[in-house]
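S.K.: One structure is given below, represented as structure tokens, and several questions about it will come after.
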Amino acid sequence: MYEPIKSLGQNFLVDKQLARDMVSALDIANGDIIVEIGPGLGSLTEILAESISGTNSELNAVEVDERFFGKLVSMYADEQNIKIINADILEWLPNFESPHDFKIIGSLPYYITSPIIHSIIKMKKRPAVCVLLVQKEVAGKIKSPAPDSSYMSCFIQTFFDVSYIGKVPKNRFRPEPEVDGGILKFVRKEGDFSPEFIVKYEAFLHKAFSNPRKMLNKMFTKEELEKGGIDPTLRAQNLNSSQWLEFYKVLNQGNS
């Protein structure tokens, strides 16, 4: 086995049942286009390959490490509907275009979880479904509802319905990381979200959550809060993603 590269955050899922659970949650149908982020040793890739064998589905497995890229190319050289791509996912995702709906799956390097999810949200066309293995604490923040909302939960839940599939104990990885993981499922929400909207809305939420202990009357003017019908004594965490989106729209009527 190749030695993991620490700078790439390589901790490989080695539990086949958990890998099967992730693939099952992706709800693969004939003809689906699938993107796998960081296949590494290929635990998920193997099960994905089984799932799409003999179908019109297509798997794009994007691996930055040339060692694993070469191994996977050799393993799947005869599979016409499996493409192994040697690329940095953060550079590859913004340029990926699919002729129809696609799905994303992956065990994400913990240190770039947020940049990857932001890249997914900012894609020209967002995936219909994502199944992502992330740090358990981060999974909790992404899933958290009001009155325990976070910037991350409100931003992501604006674009996706989020559900928690389950915990992944740290001993299910090699090498073993310091913390447990959690599996999340994202299902795309329909909406007309332009790139300009996403940039402005992200800045709006950053402002709202910049001082989470402060009441909203310290973050917004009395007029803004009255216009949005927002209780000035609430804190950012008391509002859910739908309420933040509606508040943003009220304040930006005609501008976004």
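A short reminder: the numbers here are calculations on the coordinates, not readings from a lab. For clarity, every value in this text was computed on a predicted model and none was experimentally measured. With ideal geometry, Cβ positions are generated from the backbone for all residues, glycine too; neighbour counts draw on all protein chains shown.
S.K.: Express as a percent, rounded to the nearest 5, the fraction of DSSP beta bridges in the chain (both residues included) that run antiparallel.
M.R.: Numbers: 18 of 38 bridges.
Roughly 45 percent of the beta bridges in the chain run antiparallel, per DSSP.
S.K.: Next question. From the phi of every residue in the range 108-123, what ³J(HN,Hα) in whole Hz does the Karplus formula 6.51 cos²θ - 1.76 cosθ + 1.60 yield, where θ is phi - 60° and glycine or proline is x?
M.R.: Each residue of the range 108-123 in turn: 7, x, 4, 6, 10, 4, 4, x, 5, 5, 4, 5, 4, 4, 8, 5 Hz.
S.K.: Can you tell me, using C-alpha contacts under 8 Å and at least 6 residues apart, the relative contact order of the range 6-188 as a whole percent?
M.R.: Reported as a whole number, the value is 23 percent.
S.K.: Here are labelled values, [x] 17.3, 57; [y] 19.3, 69; [z] 19.8, 65, and one is the computed Rg and Dmax of the Cα atoms in Å for what I pasted. Which one?
M.R.: [z]
S.K.: Sticking with this one: For the range 112-219, which GluC sites (Glu not before Pro) pass both filters: DSSP loop (anything but H, G, I, E, B) and at most 10 other C-beta atoms within 10 Å? Present the calculation step by step, with values, prior to reporting the outcome.
M.R.: Numbers: sites: GLU137, GLU178, GLU190, GLU196, GLU202; in loops: GLU178, GLU190.
Here the GluC sites (Glu not before Pro) that fit, given the DSSP loop and packing criteria, are GLU178, GLU190.
S.K.: Okay, moving on. Read phi for every residue in the range 71-87 and hand back ³J(HN,Hα) as whole Hz from Karplus 6.51 cos²θ - 1.76 cosθ + 1.60, θ = phi - 60°, with x for Gly and Pro.
M.R.: Per residue, the Karplus-derived 3J(HN,Hα) values read 5, 5, 4, 5, 5, 10, 4, 8, 9, 5, 9, 10, 10, 9, 10, 8, 7 Hz.
S.K.: Per 10 Å bin from zero, what fraction in whole % of the C-alpha pairs of the range 12-56 is there, up to the bin with the longest pair?
M.R.: 28, 58, 14
S.K.: For the range 21-34, take each phi angle, set θ = phi - 60°, evaluate the Karplus expression 6.51 cos²θ - 1.76 cosθ + 1.60, and give the result in whole Hz per residue in order, putting x for glycine and proline.
M.R.: In residue order, the calculated couplings are 4, 5, 5, 4, 5, 6, 6, 5, 10, 4, x, 5, 9, 10 Hz.
S.K.: What is the dipole size for the range 165-256, taken about its Cα centre, with +1 at each Lys and Arg Cβ and -1 at each Asp and Glu Cβ, in debye to the nearest 20?
M.R.: Values: 16 positive and 12 negative charges, 76 e Å.
So the dipole magnitude of the range 165-256 works out to roughly 360 debye.
S.K.: May I pose another question? How would you classify the range 182-256 from its alpha-carbon gyration tensor, with a ≥ b ≥ c the square roots of the eigenvalues: rounded for a/c under 1.5, else prolate if a/b is greater than b/c, otherwise oblate?
M.R.: On the way: a/c = 2.00, a/b = 1.28, b/c = 1.56.
Cα axes put the range 182-256 in the oblate bin.
S.K.: Something else about it: Run lengths n ≥ 4 of DSSP H only: what is the helix-derived mean residue ellipticity at 222 nm for the chain, with -39500 (n - 2.57) per run over all residues, to the nearest 500?
M.R.: Working: 10 runs with 92 residues, N = 256.
Helices in the chain give a 222 nm mean residue ellipticity of -10000 deg cm²/dmol.
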